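The values are calculated or read from the model by the stated rules, or taken from the named source; none is laboratory data. Bear in mind the structure is a predicted one, so any value in this text is a computation, not a measurement. Here the Cβ is made from the backbone with ideal geometry for all residues, glycine too, and neighbour counts use every protein chain on show.
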Amino acid sequence: MKKTKKGQITIFIILALAIVVVLILLFIGRNSLVSIISEKTPVQQIRECMQEPIQTSLDKIDMQGGSFEPKNYFLYQGNKVEYLCYTEENFKPCVMQKPLLKQSIEKELETYLQPRARDCLESVKSSLERKGYSVAYKNPILKASLIPNNIIVEIESDLTVEKSSTETYKTIKIDFSSSLYNLVMITSSILNWEARYGTAETMNYMIYYPSIKVEKKKQSEGTTIYILTDRNSLDKFMFASRSYVIVPGLTGQ
């Protein structure tokens with residue numbers, strides 16, 4: 001008999017809790033409840049905010065030889081493709097323009113993304129302050145790193161969020177999937193061949209790296225446009241070279 005009464009009491013408690021939940025739903029509304037449950041942390045909001053600037057930066061530099069504002073370039077299909085190995089003389093080997101290509105691209109990304117990171121921090125700050133939070137951060141310092149299959153963006157900002165408690169985020173790390181590192185490593189190898197022999201055998205690279213497509217587009221005045229494509233991710237990297245140019249009708253000096 002006692003067990004039966006205990007069972008009935010348990011059922012009544014469950015029913016009471018269910019009624020309370022229904023009343024809460026009716027009082028605050030379904031959308032508000034979903035918002036409370038799914039509210040993102042400041043770090044998640046900043047990571048989401050930075051996705052578009054990172055993708056935009058890659059779309060641009062991938063088609064321009066790793067630069068946002070190429071100075072020495074060949075105009076190819078509307079893109080200012082930077083010369084990464086160049087000589088203006090005929091019958092001469094090209095000179096590497098960026099021997100530390102990976103590091104150069106990382107600096108380009110940092111310069112471009114720094115103000116965008118500041119904008120994202122300010123946007124998240126404004127959003128949180130409207131909800132009653134106290135938010136502070138310092139001028140962000142951004143570091144970009146190319147690694148295999150990824151780009152790591154680290155934002156050091158000492159972000160502090162305070163309401164009933166205080167949370168501090170010294171560094172916000174963003175992982176962005178990209179094949180750029182792999183493409184840049186192959187590019188560096190091709191550039192070495194261009195500087196020594198004036199050309200690189202694209203088929204060899206595709207044999208060693210079957211997931212990478214390497215195209216070589218010869219231009220009439222001696223420039224070569226290389227286009228590297230990751231067959232899986234479809235990420236591209238394009239650059240120009242001008243080396244050992246042979247002018248028809250002339251012989252070497």
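Points worth noting:
- Subset of segment 203-228 (residues that are out of contact with any Asp or Glu (no Cβ under 7 Å at 6 or more places or on another chain), over 18 Å from C94 (Cα atoms) and surrounded by 14 or more Cβ atoms within 10 Å (Cβ to Cβ)): Y205, M206, Y209, K213, V214, L228
- Considering segment 170-188, and only residues there that are polar (S, T, N, Q) and part of a helix (DSSP H, G or I), the residue that is nearest to Y137 (Cα to Cα) turns out to be N182.
- Residue that is farthest from the chain's Cα centre (by Cα) [pool: residues in segment 218-249 that are more than 15 Å from Q64 (Cα to Cα), in contact (Cβ under 8 Å) with a residue 24 or more places away in the chain and in a strand (DSSP E or B)]: R242
- Matching residues, segment 108-147, being among the charged types (D, E, K, R), under 17 Å from I172 (Cβ atoms) and assigned to a helix (DSSP H, G or I): E110, R116, R118, D119, E122, K125
- Conditions (1) surrounded by 19 or more Cβ atoms within 10 Å (Cβ to Cβ); (2) within 30 Å of Q45 (Cβ to Cβ); (3) out of contact with any strand residue (DSSP E or B) (no Cβ under 7 Å at 6 or more places or on another chain): number failed by I147: (1)
- Test result for E167, assigned to a strand (DSSP E or B), outside the structural domain of N90 (by TED's automatic domain parsing) and in contact (Cβ under 8 Å) with a residue 24 or more places away in the chain: yes
- Verdict on P53 being under 20 Å from A200 (Cβ atoms), surrounded by fewer than 20 Cβ atoms within 10 Å (Cβ to Cβ) and either without any contact (Cβ under 8 Å) to a residue 12 or more places away in the chain or not β-branched (V, I, T) (or both): no
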